[in-house]
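First the structure, in the form of structure tokens, and then the observations on it.
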Amino acid sequence: PQNTSAPRVPPTTNPALAYTNRTPAKYTPKDFIFGKVIGEGSFGTVYLAKDIHTGKEHAIKVCDKRHIIKEKKTEYVTREKEVLNMLAGAKHSFVRLYCTFQDIDRLYFVLSYAKNGELLPYINKVGSFDIECTKFYSAEILRGLEYLHGLGIIHRDLKPENILLDEKMHVLITDFGCTKILKEPEVPLNENETHVRERKNSFVGTAQYLSPEILTDRNASRSSDLWAFGCIIYQMVAGLPPFRARNDYMIFQKIQKLDYEVPDGFSEMAKSLVEQLLVLDPTQRLGAQDEHGAGYPSIRAHPFFEGVDFETLHEQTPPPIY
Ligand SMILES: NC(=O)c1nn(CC2CCNCC2)c2c1CCc1cnc(N=C3C=CCC=C3)nc1-2
């Protein structure tokens, strides 16, 4: 990105008139003032940036072309752009891709900026969410999964770090580099059916939310995200993820043996829902047998979500987190 030490402000003294609101046909890095780094990964670096024409803040993911090729990440970057384009019609739940452009060395993804960052620090700050917050944020994540799975997309790396919060504290799911786009029809395989082994997935990052079938390198399915969903609900209520150990290998062992405990004081309703999602057999998880493309009525119907109006979640004011 161009030198950010001397931010370029359009020639006017009145900041209200500073922005033309005319957006170029094709963006270049010079159309943005790049600010702080807000994320880094194997893909590249994410910056907070301001569109000099509209004044709007964006997250811009910048990927170095040579690095992507060297690290054999082209498939991930291509798939992420494909998924973000597939999500363009979503009115809620996901960071949005506004545009992409490139220069000789880099690819640029201009995304919506989640002003309030990750969900995780909010859980850590208060220790654990009360039931109203847990219901609201679980319901917003479920709405996102219903939309994603309805398109035949599996996230495969759902975790609190990838659940972001916009300026009104609504959920924006991000990071689609590990997604799998199902070539429908996906017939849910039973335990005794042979799984056509998918190319080995090289997962990096947090192991705590990975489902048993992803760890044993069998086919991930929509149900793999339901497992991660169960882990996130547990963490909202308990303040920590269900499968904890001092290294990834021991975490994997605990996951595959379903070795977790529910602390005293854990809401009975939440416990019932978590226990029906953290099931080793992916076909037996709550929601796994629901008709594809029709959302998760069996999860919505769980008593834990009693009173939640799923259709107006994004219009509701999120409950305060304290
Ligand atoms: N990898 C990405 O696509 C990505 N990474 N980040 C920042 C990460 C920080 C660590 N946890 C996962 C997200 C983003 C995006 C998408 C687009 C995106 C939009 N808004 C924000 N906002 C943030 C605000 C404050 C702190 C962190 C992120 N961040 C991102």
(message) Angle check, please: helix 222-238 long axis (alpha carbons) against the longest principal axis of the chain (alpha carbons), in degrees 0 to 90, nearest 10.
(response) 90
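Which of the GluC sites (Glu not before Pro) found in segment 107-160 are in a DSSP loop and have at most 15 neighbouring Cβ atoms, other than their own, within 10 Å? Walk me through the numbers on the way to the answer.
Details: sites: GLU118, GLU132, GLU140, GLU146; in loops: none.
Counting only loop positions with at most 15 other Cβ atoms within 10 Å, none of the GluC sites (Glu not before Pro) in segment 107-160 qualifies.
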(message) Full-extension gain between PHE266 and LYS81, please, as 0.36 nm times their residue separation minus the C-alpha to C-alpha distance.
(response) 62.7 nm
(message) Please give me, ordered by residue number, the GluC sites (Glu not before Pro) of segment 258-289 that lie in loop per DSSP and have at most 11 other Cβ atoms within 10 Å.
(response) GLU261
(message) Beyond 39 Å, how much of the Cα-Cα pair distribution for the chain remains, as a whole percent?
(response) 16
(message) Suppose all protein chains stay in the model; what accessible area per residue would a 1.4 Å probe give for the chain, in Å²?
(response) 50
(message) Can you tell me the orientation of helix 131-150 relative to the chain, as the angle in degrees between its alpha-carbon axis and the longest Cα principal axis, to the nearest 10?
(response) 80
(request) Compute the FRET efficiency between ALA90 and ARG246 as 1/(1 + (r/R0)^6), taking r as their Cβ-Cβ distance and R0 = 35 Å, and round to the nearest 0.05. (result) 0.35
(request) Calculate the all-directions average of the projected area of segment 134-188's alpha-carbon convex hull, and give it in nm². (result) 4.4
(message) Output the 0 to 90 degree angle, nearest 10, between the alpha-carbon long axis of helix 268-277 and the longest principal axis computed from the alpha carbons of the chain.
(response) 90
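Given charges of +1 on the Cβ of Lys and Arg and -1 on the Cβ of Asp and Glu, with all other atoms neutral, how large is the dipole of the chain about its Cα centre, in debye to the nearest 20?
Values: 39 positive and 42 negative charges, 305 e Å.
Using Cβ point charges on Lys, Arg, Asp and Glu, the chain gives about 1460 debye.
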(request) For segment 35-79, state which trypsin sites (Lys or Arg not before Pro) are in a DSSP loop and have at most 12 other beta carbons lying within 10 Å of their beta carbon. (result) LYS72
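Of all the accessible heavy-atom surface of the chain, with the other protein chains kept in place and a 1.4 Å probe, what percent is carbon and sulfur? Walk me through the intermediate numbers first.
Working: 8510 of 16020 Å².
Heavy-atom surface of the chain belonging to carbon and sulfur, 1.4 Å probe: 53 percent.
Under the Kirkwood approximation applied to all pairs of distinct alpha-carbon atoms, what is the hydrodynamic radius of segment 208-306 in Å? It would help to have the intermediate numbers written out before the result.
Values: mean 1/r = 0.0724 Å⁻¹.
Computed over Cα pairs of segment 208-306, the Kirkwood hydrodynamic radius comes out at 13.8 Å.
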(request) Would you check the accessible area of MET169, probe 1.4 Å, heavy atoms only, in square angstrom rounded to 10? (result) 40
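The values are calculated or read from the model by the stated rules, or taken from the named source; none is laboratory data. Here the structure is a predicted model, which means the values were calculated and not measured. Virtual Cβ from ideal backbone geometry, glycine too; neighbours counted across all protein chains shown. Surface areas here come from the heavy atoms of the whole protein model, side chains and all, with no ligands, DNA or RNA. Shrake-Rupley method; radii C 1.70, N 1.55, O 1.52, S 1.80 Å.
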